Each structure stands twice: as C-alpha cells, then as structure tokens.
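Data block below; observations after.
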Amino acid sequence: MSSGSSSKPAAETGTETTTETETATPEQTPESLDDWLDDANGYDGEPHRYGPESRPTIMVGQETDDGLAFSPPAIEVPPGTIVQWDWTGHGGQQNVVAVDGTFDSGRTNAQPGTGYHYFFEETGEYRYVSEPHRDDGMKGAIIVKEPPSSGNTKVDEWLVESSNFDGTIVDRTGTDTATVTTGAKGNGGEFAFDPPALKVSTETTVRWEWTGEGGPHNIVSKGDGPLDSELVAESGSDYQHTFEEPGTYLYSCKPHKGLGMRGAIVVE
Ligand SMILES: [Cu+2]
C-alpha cells in the first residue's frame, strides 16, 4: 500500500540526528579513577585486592536494592589474572563492557548463571559498565598492577589481600615496645591491623591495642606460632607478646582473616 513512501524522509532525519549528537558531545578529558568510582553503585571507597593465582568473581547484579550494581565494583589484581563475572539475574538485562573497548561480553542478558571472563595480561585501569544501566551508576573498574612488595616474600604473600598494606614494613627496631592498632580502618571496614607489618628487635614487646571498632577481634599466629589472644571487642583492650627469637611471625584475626585482617612481625 503506502509502505514505500515514508522510508526516505525517515532516513534523512536519522542522518541529521547523528550529526547533531557528534557536535553536541565533544571529547571529554578522562576523569580520574576516583571520580569514576565515586558514583559507582555499591562502592565502599576501597578496591578489594587479590593475590597472584586467585580467580576473582564479580557478581553482575546485586541482590539488594534494585540490583543495579557489580559486586564488588572495584578490584585490584596482578597482571596474568582471569576475572570472572557471574550474572545473578537481579537488575534485569546486563552486560559487561569496558569503556575503552578492551573487553565486551556482548549482548545483554538477564539469565542467572550467565558467565563471562577476561584474562588481564597488561597493567592498567579498566573501567567498565553494564550498558543498559550505565547512567544509573552500574559501573566498575579492574585495576591491574603488581602487588605491593616489601622484599620479604613471606610477608608479601601473607598480606597481599590486606588493603592497608602498601609494601611498607614499619621499622621499630631498637625500641622496647611497639604498638599495633587492632580494629583500624581497612579491608572494607574497621578490619585492619595498623601497621600491618612491623619490624622489631629481639626482646621487644609488641602491644596490640583495640579501638573497639569492627566487632570482636583476636590475634592468632599462623600455624603454631606464639600469638593467641582472646576474642574481644572492647575499646582499650590489649594483648602483648615479647619476641625472643628472630624470625617472621605471621598472624591474623580469625573472624576477619578472609577480609584481609592480617599482620606480620619481623624480628631481627
Ligand atoms: Cu577482626
């Protein structure tokens, strides 16, 4: 019938629109990673760091609220890591698309059990979105960088997932006592030891002092080391140990070990 007559004007309109869009959106200077993550749904201010040989999994669609978040939204991994995304079915149609085009899961999907993975070989900051919900804050970032290194392999491996470890072993050699704050800020809450790594001389007494934040904590040696405190929550609690033998002493808070609440004392 009259089907052919409307096609030409429609095509002309389409061309015009495209031109307008291009002139209206000039290239913007790339925003900082902090700015990018600032309005990412579910971001708590700290990327979760993974060690070598880990295979992090990111949930696509959160169970809470409207589901429009990656969980966790930001992670830090060493080069050579495979990152896995698993669709939860929450939040409707989703995909995983790098802003710079590095990776792209393809067409959107709302099917729980859908998976996608990407092998991150090169260091860099990879921002990504779920395209249907980009403007609703469904954004994330994969930060690929070498893990922090202090030069002490035992310490580095033990603390690789502790968010407040930056490769520094705080030097308190030559002092009688040294203090470690227990329940310091880090690991997604008040789940850190500060400093996470400490170097002391033999005969030094190390004192752990509780802030009272982050729930009950304890100090427990890895393996059969000497540290074994009570599990307590009260601010002002303390636990101490005098180190007689040189060595590297690794410990954690049992309830929060998985979150990265770990510490190390190097005794010289
Ligand atoms: Cu704890």
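A few comments on the model shown:
- Evaluation of Asn109 against (1) in contact with a Leu (Cβ under 6 Å, 6 or more places away or on another chain); (2) open to solvent by 20 Å² or more (accessible area, probe 1.4 Å) (one fails), failing number: (1)
Residue-by-condition table, conditions (1) on the phi > 0 side of the Ramachandran plot; (2) of a type outside the set (Lys, Arg); (3) under 16 Å from the mean Cα position of the chain (by Cα); (4) at pLDDT below 80:
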site: Thr19; (1), (2), (3), (4): no, yes, no, yes
site: Ala24; (1), (2), (3), (4): no, yes, no, yes
site: Pro30; (1), (2), (3), (4): no, yes, no, yes
site: Asn41; (1), (2), (3), (4): no, yes, yes, no
site: His48; (1), (2), (3), (4): no, yes, yes, no
site: Ser54; (1), (2), (3), (4): no, yes, yes, no
site: Thr64; (1), (2), (3), (4): no, yes, no, yes
site: Leu68; (1), (2), (3), (4): no, yes, no, no
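- Odd one out for Gly236, checked against (1) open to solvent by less than 70 Å² (accessible area, probe 1.4 Å); (2) within 12 Å of the ligand (Cβ to nearest atom): (2)
- In segment 239-268, the residues that are among the hydrophobic types (A, V, I, L, M, F, W, C), within 16 Å of the ligand (Cβ to nearest atom) and modelled with pLDDT of 95 or more: Leu250, Cys253, Met261, Ala264
- Summed over segment 131-148, residues that are closer than 12 Å to Asp66 by Cβ and surrounded by 16 or more Cβ atoms within 10 Å (Cβ to Cβ) total 3.
- Residue among Pro112, Pro148 that is under 15 Å from the mean Cα position of the chain (by Cα), more than 16 Å from the ligand (Cβ to nearest atom) and in a loop (DSSP other than H, G, I, E, B): Pro148
- Listing of strands (runs of 3 or more DSSP E) fully contained in segment 182-226 that carry 2 or more residues being within 12 Å of the ligand (Cβ to nearest atom) and surrounded by 15 or more Cβ atoms within 10 Å (Cβ to Cβ): 189-194, 204-210
The values are calculated or read from the model by the stated rules, or taken from the named source; none is laboratory data. Here the structure is a predicted model, which means the values were calculated and not measured. Ideal geometry is used to build each Cβ from the backbone, glycine not excepted, and the neighbour counts take in all protein chains shown. Ligands, DNA and RNA are stripped out before the accessible areas are found, and what is left, the full protein with its side chains, is counted by its heavy atoms. Shrake-Rupley method; radii C 1.70, N 1.55, O 1.52, S 1.80 Å.
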